[in-house]
Structures are given as structure tokens and as C-alpha cells.
Amino acid sequence: MSDIADRVKKIVVEHLGVEEDKVTETASFIDDLGADSLDTVELVMAFEEEFGIEIPDDAAETIQTFGDAVKFITEAA
Amino acid sequence: MFDLTGKTALVTGASGGIGAEIARVLHGAGARVALSGTRLEPLEALAAELGERAHVLACNLSDAGEVEGLVKRAVEAMGSVDVLVNNAGITRDGLMMRMSDDDWQSVVDVNLTATFRLCRAALRGMMKARWGRIVNISSVVGTTGNAGQVNYAASKAGMVGMSKSLAAEVASRGLTVNCVAPGFIETAMTEKLTEAQRGAILGGVPAGRMGTPAEIAAAVLYLASPEAGYVTGAVLHVNGGMAMI
């Protein structure tokens, strides 16, 4: 797994308090990992901080799964 | 009860009568306080009076850039902002028929828009800490209206709607957002009133006197305290009974 995926997973595990093996490529933050709308905003802000990038609102809306997040950040970072 | 030891508080408008008293009371409860305002001299004097755990942060709230930077400076000075008290406010009174766009806009900018920006900036740290207190100082006229104050009353009513909405957004994270709505309080703002105006106002106050800044500060301390953790989206009216709402 790439370094970016590891760092994203660490943030997700810490923030949502879920088991690491639950955070799979297709795991949806809201449907599978128990996030609420505020969690998703906090996750996006945490990603921005960790990777020094800006994630605009319309892009943030497309980040539904762990895989989406890794893909977006890999392209943006 | 109401112990803020180890907490940090940013108070805007701390050069004014009510703001200074709020800062004194929060500091007296053990908080580290950042005193913000436009006039440096009274802020420095207050900081000297308080001694340790007091920081002066001059800021012009009508300047968007300065507002954005204020919370950052407060965090640099104190390590965090656990309690945010949006107390700064201005008036530009006049009847609506004669009110300029500028008189409207400047009041809304300082009283409402700066409050929005400061809340937004302070939220991040509070969300991470899973603890935070925002207390916005509204006014009785935000609920009752007042001839000659369409701008001020609108800005103060706006604070209430904003605070309730934000309270709903962040309640699950241990953050509370409330308003204190003062009635007529003995300050520089009400000193401008004539004796006749004063008499007319007091005629409508069952308590028969103006309130004191200390009575506002006590309400703020309560809402900032750990004990008020289940109180959010509330408006605490401190007005001697002039409007029982």
C-alpha cells in the first residue's frame, strides 16, 4: 500500500475509531464506517492539513469512500 | 462551581464596559484570557490589572483580514481558544428613512459578520478538542426591535439565528453555542442617553434600574462553564424583566 494510503487510513482509523481492516478500498465513510456529515467535513479538513492541499467543496462531495480519498489526494498532492 | 482553570478564553470588545467585566470574571474563574479590542490603552490597563494569564490582542473587527487572523493570534498566545465570547458591537442609530447603506453595513459587518468569522475560525480547535464554548452577546432589541436601531436590532437577531444553527451543527462534539441578551446596562453605550430617555426606558423595566456589566458577565461565566454543558442554542435574557421572553 502506498504511503499516502497509509496516512489516510491512519487519519480515518483515529478519527472514526474503527478497526483498521474495516477501512477497505470501497468502504464508504458514511454507510460502512459510521461517519456523520460533520465527520466527513472533519476528515476532509484533516486530509488538507496532513497533505498540505486544498480540497474544494465540490471535490469533497465526491469523496465518499476510502479509495476516493486516496485517489483524490494522490492526484492533488 | 464554574471553574475555568486551565481553559483559555478570547473576549472581543474587551475595552468596553461589558467586555472588560466578562474578561475579569472569566479570568477570576481561572481562565487564561485574550483581550481583544480596537483601543489599545484600556486593553493594556485591563491586562495590567489582571496580571498573569492575560494577553492583549488589538483587532479591528471591520477588517476581514484582521478578523481571520485574530483566532490564530489567540492560539499562538494561549495555546488554544476553548471559550469564545463575541461581545464587540457598535451602533449607528437612526430612523430607517434616513439610514445610509454605510450605517447599515458597518453595523452588520462588525456585529454579525465578524462574529461569524470568529466562530468559524475557532471551531476547528474546539472540534478537535471535543470541547468548546461560544457565547455571543446579543441584545434584547434583537427580539423586541427598537425604533432607531434597524441595523443594530437586525444584527443582534442575526446572531441568535446563527448561534442556534451552529449549536445544532456541533452539539454532538461537546461544543455549546449560546447567546446572552442584555437589556439596558450601565455602559458608555447607554451613557449617551438623555435623562428623559433614561426615565422612559426605566419605566419599562420592572426591576426599576439598569443592569450592571457584572450581571452580564455572570451569565457568560455560567454558559462558559463545564456545568452548562447541556445548555446549547439558548438565549439567556438578562434585562430586569423588561421583556419576558
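Whether any residue in region B:54-61 is over 21 Å from B:GLY89 (Cβ atoms), modelled with pLDDT of 95 or more and surrounded by 15 or more Cβ atoms within 10 Å (Cβ to Cβ) is what I want to check.
The answer is yes, given that some residue of region B:54-61 is over 21 Å from B:GLY89 (Cβ atoms), modelled with pLDDT of 95 or more and surrounded by 15 or more Cβ atoms within 10 Å (Cβ to Cβ).
Report the residue count in region B:170-212 for those that are in a helix (DSSP H, G or I), over 21 Å from B:SER155 (Cα atoms) and not hydroxyl-bearing (Ser, Thr, Tyr).
Our first condition is that a residue be in a helix (DSSP H, G or I); within region B:170-212, this holds for B:170-173, B:188-191, B:195-203.
Within this subset, residues satisfying the condition of being over 21 Å from B:SER155 (Cα atoms) are B:170-173, B:191, B:195-203.
Right, trim to not hydroxyl-bearing (Ser, Thr, Tyr) and you get B:170-171, B:173, B:191, B:195-203.
Final tally of qualifying residues: 13.
Return the residues of region B:95-138 that are within 14 Å of chain A (Cβ to nearest Cβ) and either of a type in the set (Asp, Glu) or touching a Gly at 6+ places or on another chain (Cβ under 6 Å) (or both); say none if nothing qualifies.
Across region B:95-138, the qualifying residues are B:MET126, B:ARG130.
If a residue must be in a helix (DSSP H, G or I), under 21 Å from B:GLU215 (Cα atoms) and in contact with a strand residue (DSSP E or B) (Cβ under 7 Å, 6 or more places away or on another chain), how many such residues does region B:1-42 contain?
6
Of the numbered conditions (1) more than 20 Å from B:LEU84 (Cβ to Cβ); (2) within 14 Å of another protein chain (Cβ to nearest Cβ), B:GLY174 fails exactly one; give the number of that condition.
Unmet for B:GLY174, out of (1) more than 20 Å from B:LEU84 (Cβ to Cβ); (2) within 14 Å of another protein chain (Cβ to nearest Cβ): (1).
Could you list, ordered by first residue, the pairs with Cβ atoms under 7 Å in which the first is in region A:37-64 and within 18 Å of B:GLY125 (Cα to Cα) and within 14 Å of chain B (Cβ to nearest Cβ) and the second is assigned to a helix (DSSP H, G or I) and of a type in the set (Ser, Thr, Tyr), at least 6 apart or interchain?
Here the result reads A:LEU38/B:SER172, each pair linking region A:37-64 to a residue that is assigned to a helix (DSSP H, G or I) and of a type in the set (Ser, Thr, Tyr).
Of the numbered conditions (1) under 25 Å from B:GLY94 (Cα atoms); (2) at pLDDT 95 or above, B:LYS192 fails exactly one; give the number of that condition.
Answer for B:LYS192: the failing condition is (2).
Out of curiosity, is B:GLU169 surrounded by 14 or more Cβ atoms within 10 Å (Cβ to Cβ) and without any contact (Cβ under 8 Å) to a residue 12 or more places away in the chain?
yes
Here is a list of conditions, (1) surrounded by fewer than 19 Cβ atoms within 10 Å (Cβ to Cβ); (2) part of a loop (DSSP other than H, G, I, E, B), and B:SER139 meets all of them except one; can you say which number that is?
Every condition holds for B:SER139 apart from (1).
Collect the residues in region A:16-34 that are crowded, with 16+ Cβ neighbours inside 10 Å and either part of a helix (DSSP H, G or I) or within 12 Å of another protein chain (Cβ to nearest Cβ) (or both), keeping them in residue-number order.
Passing the criteria: only A:LEU16.
Out of curiosity, is B:VAL160 under 16 Å from B:ASN86 (Cβ atoms) and either out of contact with any helix residue (DSSP H, G or I) (no Cβ under 8 Å at 6 or more places or on another chain) or within 14 Å of another protein chain (Cβ to nearest Cβ) (or both)?
Taking the combined requirement at face value, the residue does not satisfy it.
So the check is Cβ under 8 Å with 6+ separation or different chains; which pairs have a first residue in region B:203-221 that's farther than 30 Å from B:ASP82 by Cα and a second one that's in a helix (DSSP H, G or I) and polar (S, T, N, Q)?
That search, which allows pairs on different chains as well, returns B:MET210/B:THR190.
The values are calculated or read from the model by the stated rules, or taken from the named source; none is laboratory data. Just so it is clear, the model here is predicted, and its values are computed rather than measured. With ideal geometry, Cβ positions are generated from the backbone for all residues, glycine too; neighbour counts draw on all protein chains shown.
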